[in-house]
Amino acid sequence: MEIITYRKAITEKSIGQRMAEIALQGQDHTGEHEEHLQLCVKVGLNHQVQRLAIVEKQKQADIWYDRVSASDYAIWKNFLPTSYSWRGYLPDNLGIRNIWGKYDFDIVPIEVLREIEFAQNLNLFEDFLIRTPERQQSDPAVFGIISGEFYLIARWGESLIPFKKISTLLLKQQGVSNFMGFKLLVPSVFIGISLLAIIIKLIYG
C-alpha cells in the first residue's frame with residue numbers, strides 16, 4: 001500500500017515564524033482591513049465581507065497545502081470520476097455526490113485518516129471530497145475545498161500513478177476517442193454525400 005500525504009513539510013519553528021509573519025502582516029494592515037470591511041457594509045456590499053473572510057481562509061490553508069489549479073483538478077476529476085462529499089451539499093458537474101459516511105470502496109489507511117482529521121481541525125475547509133475510480137485498481141484521493149479552490153490532502157493505493165503520467169494517459173485516451181469518432185464520422189459523411197448525389201440525379205435527371 002502506497003500512501004502520500006500532501007501537508008507541507010513545516011517544522012514547529014517554521015510554523016511559529018510563518019504565523020508570526022501573518023500576524024505582523026495583519027497588524028500592518030489592520031486599520032486598512034477594518035476600513036475595508038466597514039466601507040463594504042456602508043455601501044451595501046455585504047457579500048464582500050464574506051468574500052474577504054474566504055480569502056483569509058484560503059491564505060491560511062496555503063500554509064499547509066498547495067492549491068490544485070482548475071486544469072489539474074479537471075484531470076483528477078476525469079481520472080477519479082466518483083466523489084464522496086463530507087458536507088454533501090456542494091454541486092458537482094458529474095452529478096449528485098455520494099455521502100461521505102457511506103464510503104466503503106476500500107479501507108482508508110490510518111495515516112490518511114490522521115491527515116483528514118488534521119485538515120478538518122484547521123476549521124478552514126468548507127468541504128472534503130474523496131474521489132475514486134470505483135474500479136478494481138484503487139487510487140483514491142482526498143481534496144479539501146474552500147469556495148471553489150481545491151487542495152490535495154492525501155492519496156493512497158496499491159501503486160500510485162504520478163500525476164504527470166495520469167495527465168499523459170488521459171490525453172492519449174482523449175486522442176484515441178477523438179480518432180475513433182473521426183473514423184465513424186467519415187463513413188457517415190461519405191454516405192450522406194452519396195445519398196445527396198442520388199437525390200440530385202433523380203430530380204434533375
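The values are calculated or read from the model by the stated rules, or taken from the named source; none is laboratory data. Since this is a predicted model, take the numbers as computed values, not measurements. All Cβ positions, even for glycine, are placed from backbone atoms using ideal geometry, and neighbour counts span all protein chains on display.
Overview of results
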item: Residues of the stretch 120-138 classified as without any contact (Cβ under 8 Å) to a residue 60 or more places away in the chain and either under 13 Å from TRP64 (Cβ atoms) or acidic (Asp, Glu) (or both), total; result: 6
item: Residue that is assigned to a helix (DSSP H, G or I) and modelled with pLDDT under 85, where the choices are GLU35, GLU111, GLU134; result: GLU35
item: Any chance ALA70 is exposed (fewer than 14 other Cβ atoms within 10 Å of the Cβ) and at pLDDT 90 or above; result: yes
